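Following: one structure in structure tokens, then a few remarks.
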Amino acid sequence: MSSSPLIMLGIETSCDETSIAIVSEDRRILSNQIYTQQKDHVSFGGVVPELAARAHLERLPILLKEALQEADLVLQDLSGIAVTGGPGLMGGVLMGVLYAKAIAATLHKPFLAINHLEAHALTIRLTEEIPFPYLLLLVSGGHTQFLWTEGIGRYKLLGASLDDAAGEAFDKIAKLLNLGYPGGPALEKSARLGNPERFDLPRPLLRTPHCNFSFSGLKTAVLKKVEALPHPLTLQDKNDMAASFQKAVGDTLIDRCQNAFKVCKAFKSSFPFVVAGGVASNLYLKQKLELLANEHHLPLKVPPLKLCTDNGAMVAWAGIERLKQGLEDSLDFSPRPRWPLEDLFNAKTNCKKVTD
Ligand code: KG4
Ligand code: ZN
């Protein structure tokens, strides 16, 4: 391998963000083009998979051109092509994977199928020098999990949501309150103006001795309280409900984190506590987690806002981390709409060692 830093293309199409980024091994984001499809889905109040897939296909060549221009590079300068290979919406993942394979095959460059959750898990190492192991709280639209992160491809699942993911709950409550789409940021904004004490909502699984989550009971409780209010809801009703819901999620996360800390302290006395995924961009939750981490003398690490939600830079970085370990994938990789992180432990996908 040459001594010049690896330069990786990263492609992300697993949900409603189309993104292409170029990242170098020395942690420089040379370009991170993100096309947010929100306006394509806003009138439906959620992501429409077929529309998303079509928009990805249309946008990818445009974003590639813009990324290369901004980075002042040509395709031949790339060391490899990394793409989200799952989990995610099948149509979108397929578009990204086909596009990445075509580039990799044409250029005879390494192809890397990245697990989207691993891309979130490693993002913090793109922005800071953080050694393994660390405790990861992954809070996104599709997942809420604690993972003991020991290295590339080495994740131990400590607990996960038994039903809805935290981001999904934010999205559903935002939709119920008619706050707009995407739901998470809209609800956070509304909550800033509300009274978090007005509605008495449950804290699911509070004080139970494990690291799992549950958000569906909280969602049902909000629905019942909303139904009991005079309609149409006032702006104050909505803000108060948003604030009460957000506080309940915060209390639940804090309670679950205490269990996860206990489990991890048995592995190692101190470790970074990393929070990643779209919900990690919520400032209220971040502040609560910061206080808790301080109490437990654990350094809290959260990627910058723009790298919490889906982006190509995190995919490119995961590609760099894997290629540095001599890992790449074969071009017959099949997209995996379901792809638990623990599966990487066995590396039983199409992954091969370059040196083999
Ligand atoms: O990581 P991400 O971009 O995509 C997935 O991998 O799912 O996360 C998206 C999720 C959505 O559910 C969105 O509502 C939530 O993250 N989210 C937020 C905030 N920003 C994004 N949730 C709460 N507060 C926010 N500020
Ligand atoms: Zn994501």
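Of the residues Thr144, Thr127, which single one is within 12 Å of Trp317 (Cα to Cα) and either open to solvent by less than 10 Å² (accessible area, probe 1.4 Å) or of a type outside the set (A, V, I, L, M) (or both)?
Going through Thr144, Thr127 in turn, the sole match is Thr127.
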**Asked** Within the range 284-302, is there a residue that is surrounded by 12 or more Cβ atoms within 10 Å (Cβ to Cβ), in a helix (DSSP H, G or I), in contact (Cβ under 8 Å) with a residue 24 or more places away in the chain and under 16 Å from the mean Cα position of the chain (by Cα)?
**Response** yes
**Request:** Mind counting the residues in the range 322-343 that are within 14 Å of His116 (Cα to Cα) and either at pLDDT below 95 or not aromatic (Phe, Trp, Tyr) (or both)?
**Result:** 9
**Request:** Filter the range 21-46 for residues that are in contact with a strand residue (DSSP E or B) (Cβ under 6 Å, 6 or more places away or on another chain) and either away from ligand 1 (no atom under 16 Å from the Cβ) or open to solvent by 10 Å² or more (accessible area, probe 1.4 Å) (or both) and give the result.
**Result:** Ile22, Val23, Ser24, Ile29, Leu30, Ser31, Asn32, Gln33, Ile34, Tyr35, Thr36
**Asked** Hey, does the range 253-275 have a residue that's assigned to a helix (DSSP H, G or I), within 15 Å of the chain's Cα centre (by Cα), crowded, with 17+ Cβ neighbours inside 10 Å and within 16 Å of ligand 2 (Cβ to nearest atom)?
**Response** no
**Request:** Would you check which residues across the range 114-146 are assigned to a strand (DSSP E or B) and more than 15 Å from Pro299 (Cα to Cα) and list them?
**Result:** Ile114, Asn115, Leu138, Val139, Thr144, Gln145, Phe146
**Message:** Going by what's in this entry, would Thr149 be described as surrounded by 24 or more Cβ atoms within 10 Å (Cβ to Cβ) and in a helix (DSSP H, G or I)?
**Reply:** no
**Message:** Tell me the residue from Val226, Val222, Val249 that is farther than 21 Å from Trp148 by Cα, within 19 Å of the chain's Cα centre (by Cα) and in the same structural domain as Thr149 (by TED's automatic domain parsing), please.
**Reply:** Val249
**Fill in**
Of the residues in the range 94-143, those that are within 16 Å of ligand 2 (Cβ to nearest atom) and in contact with a Lys or Arg (Cβ under 7 Å, 6 or more places away or on another chain) come to Ile124, Leu126
**Selection within the range 163-190 - open to solvent by 20 Å² or more (accessible area, probe 1.4 Å) and more than 14 Å from ligand 2 (Cβ to nearest atom)** = Asp163, Lys172, Lys175, Leu176, Asn178, Leu179, Gly180, Tyr181, Pro185, Ala186, Glu188, Lys189
**Prompt:** Which ones in the range 21-52 are of a type in the set (A, V, I, L, M) and under 27 Å from Ile320 (Cβ atoms)?
**Reply:** Ala21, Ile22, Val23, Ile29, Leu30, Ile34, Ala52
**Complete:** Within the range 132-141, residues touching a residue at least 40 places away in the same chain (Cβ under 8 Å) and either over 9 Å from the mean Cα position of the chain (by Cα) or surrounded by fewer than 23 Cβ atoms within 10 Å (Cβ to Cβ) (or both) come out as Pro133, Tyr134, Leu135, Leu136, Leu137
**Request:** Determine whether Ala113 is under 28 Å from Tyr134 (Cα atoms) and more than 16 Å from ligand 1 (Cβ to nearest atom).
**Result:** yes
**Prompt:** Of Ala169, Ala160, Ala165, which residue is touching a residue at least 40 places away in the same chain (Cβ under 8 Å), within 16 Å of ligand 1 (Cβ to nearest atom) and under 13 Å from the mean Cα position of the chain (by Cα)?
**Reply:** Ala165
**Flag for Pro202 being surrounded by fewer than 21 Cβ atoms within 10 Å (Cβ to Cβ), out of contact with any Lys or Arg (no Cβ under 7 Å at 6 or more places or on another chain) and in contact (Cβ under 8 Å) with a residue 24 or more places away in the chain** = yes
**Fill in**
Taking the range 276-317 and keeping residues more than 12 Å from ligand 2 (Cβ to nearest atom) and closer than 16 Å to His116 by Cβ leaves Ala313, Ala316, Trp317
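The values are calculated or read from the model by the stated rules, or taken from the named source; none is laboratory data. Worth saying up front: this structure is predicted, and the values here are computed from it rather than measured. All Cβ positions, glycine included, derive from the backbone under ideal geometry; neighbour counts span all protein chains shown. Accessible surface is based on the protein model in full, side chains and every heavy atom, while ligands, DNA and RNA are left aside. Shrake-Rupley method; radii C 1.70, N 1.55, O 1.52, S 1.80 Å.
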